[in-house]
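**Q** Below are the structure tokens for one structure; questions will follow.
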Amino acid sequence: MSKYRKKIIAGNWKMNKSVREAQDLTDGIIRELAGYRETDIVLCPPFTSLKVVGDLLVDTYIKLGAQNMHWEPSGAYTGEVSPNMLRDLFCHYVILGHSERRAYFNETDKIVNTKVKAAISTHLVPIMCVGETKAERESGQAKDIVRRQIEEGLRDVEGDLKTMIVAYEPVWAIGTGLTATPDIAQEMHAHIREILAKTKGEATAQSIRIQYGGSVKPENAAELFKQPDIDGGLIGGASLEARAFAKIVEAAV
Ligand code: PGA
């Protein structure tokens with residue numbers, strides 16, 4: 001069974017851009033992509049710029065996303081931001097379990113799972129990130145690691161998962177200039193879809209969009225996006241420049 005899945009490109013700005021720079025970048029992206037409807041587009045600025053970027057996106061087709069969140073709606077969690085606060089700023093999407101959060105902020109599969117549940121119950125679309133490290137790939141464990149991250153991340157998640165996004169981001173390809181070849185990426189994406197089919201059913205697996213992330217650039221985007229199970233990209237470095245980001249979006253038709 002195969003199904004049409006509209007491609008989705010998200011820009012993960014990470015901890016970059018002042019408020020002013022975020023406005024300029026958003027203006028640039030809107031100019032580059034005005035009227036573009038072929039691909040779903042999401043901008044994920046840091047929390048400090050969600051409001052201004054969201055305001056600029058109001059009358060556009062481009063959607064707003066956050067890079068992380070807490071799982072509780074409110075409470076004594078100094079320094080954290082809740083799902084409800086993101087909804088309040090008109091966020092549609094939230095990146096969860098990015099490898100940088102797993103590596104530097106001790107996010108476990110269990111935490112990611114709790115956040116995925118909170119996102120879904122708050123009507124935010126999770127972009128759940130998975131991916132193996134270089135050492136895990138070299139020791140032949142890549143598929144098992146990704147299987148565990150998917151199974152645990154989505155354990156007992158209820159509700160309609162068809163609109164959620166999974167991002168496969170091999171850690172060794174993030175910010176390194178090394179990209180998974182289209183074949184390597186496709187193989188892992190097909191594996192992810194198989195796990196989703198086994199755990200959540202074939203119809204859900206065929207609907208969930210699986211993004212590739214890790215050094216996607218205008219030069220390598222089209223080849224990656226041509227693969228049957230690659231439904232778009234999560235773009236870091238190249239999303240910080242309007243023209244480069246727009247070229248990647250245009251490569252995704
Ligand atoms: P990169 O980052 O495109 O800079 O490799 C991707 C990501 O971490 O989401």
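**Q** Before I look further, what does the chain give for accessible area per residue, probe 1.4 Å, in whole square angstrom?
**A** On the way: 11520 Å² over 253 residues.
With all protein chains present, the chain gives 46 Å² per residue.
**Q** Could you pull out the GluC sites (Glu not before Pro) across the stretch 122-203 that fall in loop regions by DSSP (anything but H, G, I, E, B) with no more than 16 other Cβ atoms inside 10 Å?
**A** On the way: sites: GLU132, GLU136, GLU138, GLU151, GLU152, GLU158, GLU187, GLU194, GLU202; in loops: GLU132, GLU158.
Answer by residue number: GLU158.
**Q** Rounded if a/c is under 1.5, else prolate if a/b beats b/c, else oblate: with a ≥ b ≥ c from the C-alpha gyration tensor eigenvalues square-rooted, which is the chain? Walk me through the intermediate numbers first.
**A** Numbers: a/c = 1.42, a/b = 1.12, b/c = 1.27.
Since a/c stays below 1.5, the shape of the chain is classed as rounded.
**Q** Let me ask another. Hey, rough spin-label estimate for GLU21 and ASP59, points 7 angstrom out along Cα→Cβ, what's it come to in nanometres?
**A** 2.9
**Q** Step through the residues of the stretch 178-190 one at a time and calculate ³J(HN,Hα) from phi using the Karplus curve (6.51 cos²θ - 1.76 cosθ + 1.60, θ = phi - 60°), rounding each to whole Hz and writing x for Gly and Pro.
**A** Once θ is set to phi - 60°, the couplings for the stretch 178-190 become 8, 10, 4, 5, x, 5, 4, 5, 4, 4, 6, 5, 5 Hz.
**Q** Taking the Cα centre of the chain as origin, work out the dipole magnitude from +1 charges on Lys and Arg Cβ and -1 charges on Asp and Glu Cβ, in debye rounded to 20.
**A** Working: 32 positive and 34 negative charges, 42 e Å.
Charge dipole, the chain, about its Cα centre: 200 debye, nearest 20.
**Q** Within the chain, what whole-number % of the accessible surface is contributed by carbon and sulfur, with the 1.4 Å probe and all protein chains included in the calculation? Present the calculation step by step, with values, prior to reporting the outcome.
**A** Details: 6020 of 11520 Å².
Within the chain, the accessible surface is 52 percent carbon and sulfur.
**Q** What residue among VAL58, VAL130, VAL94 shows peak mean-square fluctuation when the chain is described by a Gaussian network model with Cα springs under 10 Å?
**A** Looking only at VAL58, VAL130, VAL94, the biggest GNM fluctuation is shown by VAL58.
**Q** Another question, then. Between ALA76 and ALA103, what length comes free when the chain is fully extended (0.36 nm per residue of separation minus the Cα-Cα distance, one decimal in nm)?
**A** Stretched out fully, the ALA76 to ALA103 stretch lengthens by 7.3 nm.
**Q** Note down the relative contact order for the chain as a percent, whole number, built from C-alpha pairs under 8 angstrom at least six residues apart. All intermediate terms of the calculation are to be shown ahead of the outcome.
**A** Working: 489 pairs, mean separation 53.7, N = 253.
Across the chain, relative contact order equals 21 percent.
**Q** Taking 0.36 nm per intervening residue step and subtracting the Cα-Cα distance, what contour gain separates LYS6 from ARG148 on full extension? It would help to have the intermediate numbers written out before the result.
**A** Numbers: separation 142, 0.36 × 142 = 51.12 nm, distance 2.67 nm.
Extra length from LYS6 to ARG148 when fully extended: 48.5 nm.
The values are calculated or read from the model by the stated rules, or taken from the named source; none is laboratory data. In this text, all values refer to a predicted model and were calculated from it rather than measured experimentally. So basically every Cβ, Gly included, is an ideal-geometry build from the backbone, and we count neighbours across all protein chains shown. All accessible areas refer to the heavy atoms of the entire protein, side chains included, with ligands and DNA or RNA removed. Shrake-Rupley method; radii C 1.70, N 1.55, O 1.52, S 1.80 Å.
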